[in-house]
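The next block holds one structure in the form of structure tokens; read it before the comments.
The values are calculated or read from the model by the stated rules, or taken from the named source; none is laboratory data. Given the structure is predicted, the values throughout are model-derived calculations rather than measurements. Cβ atoms come from the backbone with ideal geometry, glycine included; neighbour counts cover every protein chain shown. Surface accessibility is based on the protein's heavy atoms, side chains included, excluding ligands, DNA and RNA. Shrake-Rupley method; radii C 1.70, N 1.55, O 1.52, S 1.80 Å.
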Amino acid sequence: GSRPSPVANGLNGLQTLSFDGTADHLVSTTFVLENAHSIYAVAKSDSNGWGRIVAGATNGYYFFGNGDGTNNFSTFYGSGSWNDSVDNTPASSVANASILGVVSDGTNATPYQNGSALNTKSSNMGGAAPAGLMVGKHATGNNSQYWNGHIAEIIFFNKNHSNTEREDVEGYLAQKWGLTGSLPNGHSSLIKYKDDTTSGT
């Protein structure tokens, strides 16, 4: 009864998952997020308010979603460091489907929205990386901060991505989900990914 619902033509003709904002979520009890990591998602929020795309399954220390009562992209770690439109560089709303990401070297984390960096903040998770993963809600927080909207794809890497690696992943997501127009001018993927037809190059 808490499963998100598949939407056959959710984005760019491809299936997404719809989360209802009240109960829908997914849980892995075995996933371990390393302190050095890179996370990417394509998601769309249907309402303002706290909402988590991914979080630690036991303590909720790791946050990736909407924050401060808005539908603006935010990240949070156990040390108490926010990155969102209220405290730092303005983040855009995710009322439209967006490519979201965060790249951490284990000490500092830089969030990205549609290929553009937001302010770097501490990514100290207070010791060990969280074991277990919650998708679509907070593990223990008030109102559980359920995600209300669509999630098309989430990708985890247990490594700190270089700019080139990050732009490769963003380019893949942009091509797949029809979001190339959301990437900034000069994004390297715009010359790497052309089309799906044979061209001999």
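Apart from one condition, residue 55 fits all of (1) more than 17 Å from the chain's Cα centre (by Cα); (2) over 11 Å from residue 151 (Cα atoms); (3) touching a residue at least 60 places away in the same chain (Cβ under 8 Å); (4) assigned to a strand (DSSP E or B); the exception is (1). For the stretch 34-51, the tally of residues that are open to solvent by less than 10 Å² (accessible area, probe 1.4 Å) and of a type outside the set (Ser, Thr, Tyr) stands at 6. Of the listed requirements (1) among the polar types (S, T, N, Q); (2) open to solvent by less than 20 Å² (accessible area, probe 1.4 Å); (3) at pLDDT below 90; (4) within 22 Å of residue 162 (Cβ to Cβ), residue 108 misses just one: (2). Selection of the stretch 1-33 for residues being surrounded by 20 or more Cβ atoms within 10 Å (Cβ to Cβ) and of a type in the set (Phe, Trp, Tyr) yields only 19. Contact map, the stretch 168-191: residues that are in contact (Cβ under 8 Å) with a residue 24 or more places away in the chain paired with residues that are of a type in the set (Val, Ile, Thr) and in a helix (DSSP H, G or I), Cβ distance under 7 Å, separation 6+ or inter-chain. Pairs shown: 174/180; 188/164. Residue 139 fulfils the conditions (1) at pLDDT 80 or above; (2) out of contact with any helix residue (DSSP H, G or I) (no Cβ under 8 Å at 6 or more places or on another chain); (3) surrounded by 19 or more Cβ atoms within 10 Å (Cβ to Cβ) except for a single criterion, (1). So is residue 77 of a type in the set (Phe, Trp, Tyr), open to solvent by less than 10 Å² (accessible area, probe 1.4 Å) and either modelled with pLDDT of 65 or more or touching a His at 6+ places or on another chain (Cβ under 8 Å) (or both) or not? Yes; evaluated as a whole, the condition is true for this residue.
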